[in-house]
1. Taking the criterion of being under 20 Å from GLU11 (Cβ atoms), surrounded by 10 or more Cβ atoms within 10 Å (Cβ to Cβ) and modelled with pLDDT of 80 or more, would at least one residue in segment 26-34 satisfy it?
2. In segment 49-70, what count of residues is obtained for those that are closer than 14 Å to SER8 by Cα and surrounded by fewer than 10 Cβ atoms within 10 Å (Cβ to Cβ)?
3. Against the condition over 29 Å from ASP60 (Cβ atoms) and either of a type outside the set (Lys, Arg) or within 12 Å of the chain's Cα centre (by Cα) (or both), how does ASN22 come out, does it pass?
4. Residues that are among the polar types (S, T, N, Q): find the helices (runs of 4 or more DSSP H) completely inside the chain holding 2 or more of those.
5. Kindly provide the set of residues from segment 5-24 that are free of Cβ contacts under 8 Å to residues at least 12 places away in the same chain, among the acidic types (Asp, Glu) and either within 21 Å of ILE37 (Cα to Cα) or surrounded by 10 or more Cβ atoms within 10 Å (Cβ to Cβ) (or both), ordered by number.
Amino acid sequence: LFIAEIISVWENRQAYDDFMENEHDRIYEENEQKAAILSIEVMLYEEDEPVIYKLLHHPDIRYEPDWTVLKA
């Protein structure tokens with residue numbers, strides 16, 4: 001059993017909502033994520049840019065540079 005924490009940064013709430021409404025399900029289906037994900041918990045936060053910078057540059061965060069989502 002593996003646990004992943006995924007952090008994503010969106011330009012604004014509208015960009016997030018648009019992605020969830022128009023892109024998310026297609027990506028989920030095409031990548032067969034249903035077979036790999038047992039459960040998910042999503043938390044949304046609004047933070048100022050300095051807080052986001054500090055979070056993303058924390059030494060405990062391990063980046064996976066080959067993992068990305070591309071808009072088709």
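The values are calculated or read from the model by the stated rules, or taken from the named source; none is laboratory data. All figures in this text were calculated on a predicted structure; none of them were measured in a lab. Cβ: placed from backbone, ideal geometry, glycine included. Neighbour counts: every protein chain shown.
1. First pass over segment 26-34, keeping only residues under 20 Å from GLU11 (Cβ atoms): 27.
With surrounded by 10 or more Cβ atoms within 10 Å (Cβ to Cβ) added as a condition, the list becomes 27.
The next check asks that each one be modelled with pLDDT of 80 or more; those that pass are 27.
Yes: segment 26-34 contains one or more residues that are under 20 Å from GLU11 (Cβ atoms), surrounded by 10 or more Cβ atoms within 10 Å (Cβ to Cβ) and modelled with pLDDT of 80 or more.
2. 9
3. Numbers: over 29 Å from ASP60 (Cβ atoms): yes; either of a type outside the set (Lys, Arg) or within 12 Å of the chain's Cα centre (by Cα) (or both): yes.
The answer is yes for ASN22.
4. Working: elements: 13-22, 24-30, 49-56.
Because the criterion is at least 2 residues that are among the polar types (S, T, N, Q), the helices (runs of 4 or more DSSP H) in the chain that meet it are 13-22.
5. From segment 5-24, those free of Cβ contacts under 8 Å to residues at least 12 places away in the same chain are 5-6, 8, 10-12, 14-15, 17-22, 24; that's our starting set.
Now restrict to residues that are among the acidic types (Asp, Glu): 5, 11, 17-18, 21.
Passing the criteria: GLU5, ASP17, ASP18, GLU21.
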